[in-house]
1. Could you check region 110-136 and list, in sequence order, the residues that are touching a Ser or Thr at 6+ places or on another chain (Cβ under 8 Å) and either aliphatic (A, V, I, L, M) or not in a loop (DSSP other than H, G, I, E, B) (or both)?
2. For Asp36, all conditions in the list (1) in a helix (DSSP H, G or I); (2) within 16 Å of the ligand (Cβ to nearest atom) hold save one; what is the number of the exception?
3. Applying the selection to region 51-62, what residues are within 12 Å of the ligand (Cβ to nearest atom) and of a type in the set (A, V, I, L, M)?
4. Could you check, for region 64-71, whether at least one of its residues is surrounded by fewer than 20 Cβ atoms within 10 Å (Cβ to Cβ), within 16 Å of the ligand (Cβ to nearest atom) and touching a residue at least 60 places away in the same chain (Cβ under 8 Å)?
5. Does region 149-181 hold any residues that are in contact with a helix residue (DSSP H, G or I) (Cβ under 8 Å, 6 or more places away or on another chain), more than 15 Å from the ligand (Cβ to nearest atom) and assigned to a loop (DSSP other than H, G, I, E, B), and which are they?
6. Identify, from the list Gly69, Gly47, Gly32, Gly73, the residue that is of a type outside the set (Lys, Arg), at pLDDT below 95 and at positive phi.
Amino acid sequence: MSRIWLSPPHVGPRERELLLDAFDSNWIAPLGPHVDAFEREMAVRTGMPHAAALSSGTAGLHLALLLLGVGVGDLVITATLTFAATANAITYVGAVPVFVDAEPATWTMDPDLLDEALTTLEREGRPAKAVIAVDLYGQVCDPRIETICEAHGVPLVEDAAEALGSVRAGRPAGSFGAMAVLSFNGNKIITTAGGGMLLARDAEHVKRARYLATQARDPAPHYQHSVVGYNYRMSNLLAAVGRGQLEALDDRIAARRATRDTYVRTLGTLPGWSFLEDPADATTNAWLSCAVIDPAEAGVDREAVRLHLEADQIEARPVWKPMHQQPVFDGCRTFGGDVSDRLFRDGLCLPSGSSLTDADRDRIVARVRTTPRGGA
Ligand SMILES: Cc1ncc(COP(=O)(O)O)c(C=O)c1O
């Protein structure tokens, strides 16, 4: 049996054609016409006016915090239920993460708890310097988060790494806050092998991001630097792949949504099983199909299901381990935490790649159904 991966890359002839175009034109440096076009196309797609293509989403988060003037000892509020990159970027600038729990419907940051966190930190005389909301598994953060941040006068960055193509309340993922970040890592809905994008409302932010991302070279014929810079730009070769992927984005979303629909229809009716689904005001990219398995009702726990799938060469993964449970962030302040703790304990991400066939889906569903009760 061939292995079924959680979320593998899915490329086609168009990506190959554009990649060879970039190669043959000799624009293989981290600048060139495909980089420029990819930035323009992504700005149009997300509704953010300005975009800078970067070497990773993590680089985008790092730059966003630098551009907001976040520095040593500052507090930055973010979701506890996320991939480590979000919280890591906070530490790159010497700031300290403060974690906020998820809300149960979309698993994204709970707006009421965010308000409480902002208010508490203000009252204590150490207000947050920024907020990073995370669009988890393709869900889009609650638009109220933007209003709450505005009311507190704290800038918002949207970590939309997992949510390209999702829409909530009529607004695309990547269009919230002062800046937003996308990832084109190999497991994302579209990929450039590795890469990311910083989206910004303010042209100055993107201008400065490009400067910092190219080693902060001052405009002089010799190499002159007034501040510390980074090597964070995207290669024109990879941007060409990204453009081909972007053309296919709507197909990729449709495929992932169909997979989630299949799981909901075939597994969502099992006792103790529920799935992360779209709230009424959203159409998401269904990046990963995620189930929550209540062991008391289901008679199996998520680890039993995962191991049973793994024994048949099917990759499934636990939901992100919350940041407040991570040894590296031990001791960081957390508002709430029970929702994420439960999602981590009982949550399972099932194979969700856009290249899954009907036969693959049947194989996965059949295998899940034969998980021995009480263990793998
Ligand atoms: C929520 C989240 N934020 C940030 C990142 C970082 O993106 P990258 O891998 O492109 O650095 C990822 C994924 O990798 C992610 O899932």
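1. At the first step, the residues of region 110-136 found to be touching a Ser or Thr at 6+ places or on another chain (Cβ under 8 Å) are 131-136.
Once the filter is applied, which keeps residues that are touching a Ser or Thr at 6+ places or on another chain (Cβ under 8 Å) and either aliphatic (A, V, I, L, M) or not in a loop (DSSP other than H, G, I, E, B) (or both), region 110-136 yields Val131, Ile132, Ala133, Val134, Leu136.
2. Here Asp36 meets the rest and fails (2).
3. Listed by number, the residues that qualify are Ala53, Leu54, Ala59, Leu61.
4. yes
5. Residues satisfying the conditions are Val154, Pro155, Ser175, Ala178.
6. Gly32
The values are calculated or read from the model by the stated rules, or taken from the named source; none is laboratory data. The model shown is predicted, which means the values in this text are computed figures rather than measured ones. Positions of Cβ are generated from backbone atoms using ideal geometry, with glycine treated the same way; all protein chains shown enter the neighbour counts.
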